[in-house]
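Please treat every number below as a calculation from the coordinates, not as lab data. Please read all numbers here as calculations on a predicted model, not as lab measurements. FYI the Cβ positions are ideal-geometry reconstructions off the backbone, even for glycines, and counts take in every protein chain you see.
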Amino acid sequence: MIDLNGEVNYQDGAGNEFHLNTIVGEQDISGGSVPLSGYAVEGVGFGGVQPVGYTDPKATSDGIDTAEAYAGRRTLSMLMSVYGSTRVDLYQKIQDLLTVMRFMPRRYAATDGFRQLRFTMLTTNTSVFPSGEIPSYVLVRPLDMPTTEVTTAQTTGSDTRGYSARIMLNFLMKYPFKYGQELRVEEDLPIDGTNTVIQNHGGAPADAQLLIQSSDGTARAGDIYVTITVNGVPLKLKVAQTIGADGDLVRSILVDYKEQIVYIRELNTDTGIVESAIAQNLIVIDSGATFGTLEPKIDYPDGMNVSVNITDLAEDPVAEDYKVDFSWREAWY
């Protein structure tokens, strides 16, 4: 769970981190003789998740017919204490908090208002996370504009003691997972079909991507087959385009296993702009056209095999002119 003695930050409309937990620890919360000014997260609750999937009563026997189940809608609630050293300080801090809780800051229009809420998770798995901490985040947008109240205590209190208010923040999660901030990368996978063992230390399937580039950036003629196998599930691509330098462009192929999409990425060397175009047409349909999943180590203690095999169209090996990198982001429920 979230370490409430650590930072809890939410991205604001300018793309900066708004600090939601500036007052931590017993000494700071007790205040002493100095009025407090800032925010304290008093509690965090992750909502339950219902499975989403086909179910239907059997017509001629007991039980139900079912299909695969996926985790559905999940919410997150956060109880906040807002402290002000003066009334004006309190009211301004409440207003700043409301401003951060806008549903759709323009900067996040492309993500429908979802942005990162960052925090630290604690773990006993110090062999993988030596500090006992996992810097993490969830993708959320406000579920509602928080309710705020003005009480007589706030208008008749004393500046020597300070002022406070409690506010409940409710968020809708884009995905029902807590993600590790660290993106793990296995570089230079063999391209001859040799297995590489990948360890997913999360508690859920990891978000995985595979990037195919020219090994030195120079042009590599197309007309190749690329077969990527994750957890025994092959995905075969037929690539006709040049990989690497092509005029003022540097082209690569990105396979996004979470969204199950293949992209052609083109870096314009003049402008530095990278454009990605969906290229599902690269998938060889009769090869199965399925995307494997990188399952957690708790389910597969020996890890998961990932392999890449690049051949020409006659399915003969090609020279090692390609660089293949596999990256994944671990997740927990």
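Which label marks the calculated value of log10 I(q)/I(0) by the Debye sum over Cα atoms at q = 0.09, 0.11, 0.12, 0.13 Å⁻¹, given the options (i) -0.53, -0.80, -0.95, -1.11; (ii) -0.52, -0.75, -0.87, -1.00; (iii) -0.65, -0.88, -0.98, -1.07? Entry (iii). Panel order for 66, 311, by other beta carbons found within 10 Å of each beta carbon, from fewest to most: 66, 311. Each residue in 37, 77 was given a count of other beta-carbon atoms within 10 angstrom of its own, and listing them fewest first yields 77, 37. Where in the range 237-272 does the label zone of residue 223 land, with the point 7 angstrom along Cα→C-beta and an amide N cut-off under 15 Å? 238-243, by backbone N distance to the label point.
For GluC sites (Glu not before Pro), the sites in the range 233-305 that DSSP calls loop and that have at most 13 other Cβ atoms within 10 Å are 259. Computed from the C-beta positions of residue 69 and residue 158, the FRET efficiency with R₀ = 56 Å rounds to 0.50.
Projecting label points 7 angstrom from Cα along Cα→Cβ for residue 42 and residue 174 puts them 3.1 nm apart. Net charge near residue 267: determine it from the other residues with C-beta under 12 Å of the C-beta of residue 267, scoring Lys and Arg +1 and Asp and Glu -1. Cβ neighbours under 12 Å give a net charge of -3. Here the spin labels are modelled as points 7 Å beyond Cα on the Cα-Cβ line, and at residue 299 and residue 96 they lie 4.3 nm apart.
Taking Lys and Arg as +1 and Asp and Glu as -1, the other residues whose beta-carbon sits under 9 Å from that of residue 113 total +2. Using the Cα coordinates of the range 183-332, the gyration tensor eigenvalues translate into equivalent-ellipsoid semi-axes of 25, 17, 14 Å, sorted from longest to shortest.
Using the Cβ-Cβ distance between residue 125 and residue 188 with R0 set to 30 Å, the FRET efficiency works out to roughly 0.65.
Counting other Cβ atoms within 10 Å as a rough exposure proxy, the listed residues 291, 177 run 291, 177 from fewest neighbours to most. Compute the long axis of helix 87-100 from its Cα atoms, compare it with the longest principal axis of the Cα atoms of the chain, and write down the angle in degrees, 0 to 90, nearest 10. The angle comes out at about 20 degrees. Once you divide the Cα radius of gyration of the range 244-330 by 2.2 N^0.38 Å, the number left is 1.31. The calculated pair-distance distribution of the range 37-81 uses every alpha carbon pair, bins of 10 angstrom beginning at 0, and gives 22, 26, 21, 15, 10, 4, 1 percent.
When restricted to Cα atoms, the range 38-189 yields an Rg and a Dmax of 21.4, 75 Å, respectively.
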